[in-house]
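The values are calculated or read from the model by the stated rules, or taken from the named source; none is laboratory data. As the structure is a prediction and not an experimental result, all values here were calculated from the model. Ideal geometry is used to build each Cβ from the backbone, glycine not excepted, and the neighbour counts take in all protein chains shown. In case anyone asks, the SASA skips ligands and DNA or RNA and just uses the protein heavy atoms, side chains included. Shrake-Rupley method; radii C 1.70, N 1.55, O 1.52, S 1.80 Å.
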Amino acid sequence: MSEELTETRAARCTSIYCHLYEMAFTQYVERKKMAVLIFGHVVLLSSLCVDFALSGNKSCTLEVFEQTSANLIKDLCLEEYEKEECRPFSKTFNRSNLPESFSIPDDEDSVQKPKSLKIVMTINHFIRGRTRYHIPGASVTWSSPDDRLSRENTKGYLLIWEHRTNLMCSLFKLDSNKTDLLSEEQLRFHYNIQHLEPRKSFLVKVYSIPPPKSLEESQKTSTFASFQISAGPTIRPYTDPGEWIPPVTARPIEGGAIEVKIGHSPSRFNLTQFKVMLVKRSFDENNTFKTTFYKEPPGSQKPSGLVSFTNLDNDEYKISIHVIDPFLKQVGKCLCWIKETNVRHCQNSCGSVQTDWIKVSVHVREETDQPKSERSTASSPSEFNTCIIIIALLTLQNVMF
């Protein structure tokens, strides 16, 4: 009897140890798989950290053309530095804050500003989920300095667009070995700002490089070409006239005036009349100070029309624009309608848009407040180290738990 009990216990013991062995082996295999997976994540995240740490300058997207033709000049722009690389200098105009690969000696004289600056508002596409949105952007074109010696010594350009304290920039480095090309004739430069914050007003500036030697000097209008713009709203694509909103830009001009550019509607909509209202901050922020009307000329092939408000004081102004439907809410005749279930429904009102505040200075052209100091967002070794530490903590957490 005792021998049978002993054999039973031995068999049970063997079975338990076998089970424990199988559990241990299974855990070993699972941990090995987890280790391989974690290692793969570490490699991937580490590569992302390296990309983040090294981001800043990129291949140049600035287009260069002959002044009087559409001939593209290749390889004149060598490098392009974006916000992380050009912002420290743009806020201080201390040449020591220029990127290391684009250093300018302190004793090197600045050059003349670009001769001209032109901006055309654009609409770019952004997809979120299944919806495509229209986002405001800008096509910026400028020409090289008028003075031949300045053209010969131009090493690049600094493009700044700012809304109050929010400053964005792009810095372009030219091939200074091509002095003959730079000095012989004026060149035309073109750059696309892909995204602007909707419904905001921006002051766009272009400086020639070498730039002014101090922040105080950089605020003088003689050192840069400038243009003030107002970005339109972010809108969904429109298929019916009741959804259409006119693209609008507005800028102050010399002599105390504001010039407003109103984009024309697609010809199939036949929306040609606009009510343009001027709001003056010191008068009343909610009520109209001046009103005028604009009508697209019959048969016009132009993409936009102009309206101006003149004899303005030193103040801040907004522009509000409403599309006019002469047959508003008249069934079968209204121009502002939306189709639902194959039936046209007249809208209570047409599209409207309002700009941000625009500062008008009668005596000082396009004067703006100086931006407040703000910490640079450039990638630094400490940020790279922080990224690596986060990876290490995540790895340790997965191993322990």
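Quick look at the values:
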{"read-out": "Residue that is under 25 Å from residue 263 (Cβ atoms), polar (S, T, N, Q) and open to solvent by 50 Å² or more (accessible area, probe 1.4 Å), where the choices are 165, 249, 239", "value": "239"}
{"read-out": "Residues being under 30 Å from residue 105 (Cβ atoms), out of contact with any Phe, Trp or Tyr (no Cβ under 8 Å at 6 or more places or on another chain) and surrounded by fewer than 19 Cβ atoms within 10 Å (Cβ to Cβ) - total across the stretch 187-216", "value": "1"}
{"read-out": "In the stretch 73-82, the residues that are more than 15 Å from residue 178 (Cβ to Cβ) and in a strand (DSSP E or B)", "value": "80, 81"}
{"read-out": "Test: residue in the stretch 98-118 that is in contact (Cβ under 8 Å) with a residue 60 or more places away in the chain and under 14 Å from the mean Cα position of the chain (by Cα)", "value": "no"}
{"read-out": "Of residues in the stretch 257-283 being of a type in the set (Gly, Ala, Ser) and in contact with a strand residue (DSSP E or B) (Cβ under 6 Å, 6 or more places away or on another chain), the one farthest from residue 133 (Cα to Cα)", "value": "282"}
{"read-out": "Any hit, the stretch 307-322, residues being in contact with a Cys (Cβ under 8 Å, 6 or more places away or on another chain) and free of Cβ contacts under 8 Å to residues at least 12 places away in the same chain", "value": "no"}
{"read-out": "1 or more residues among the aliphatic types (A, V, I, L, M): qualifying strands (runs of 3 or more DSSP E) within the stretch 239-330", "value": "248-253, 257-263, 273-280, 304-309, 315-324"}
{"read-out": "Check on residue 175, farther than 30 Å from residue 337 by Cβ, surrounded by fewer than 19 Cβ atoms within 10 Å (Cβ to Cβ) and free of Cβ contacts under 8 Å to residues at least 40 places away in the same chain", "value": "no"}
{"read-out": "Cross-chain or 6+ apart pairs with Cβ under 7 Å, the stretch 251-276 first and under 18 Å from residue 200 (Cβ atoms), then of a type in the set (Asp, Glu)", "value": "251/259; 252/366"}
{"read-out": "Single condition residue 146 does not satisfy, out of (1) open to solvent by 20 Å² or more (accessible area, probe 1.4 Å); (2) touching a Leu at 6+ places or on another chain (Cβ under 6 Å)", "value": "(2)"}
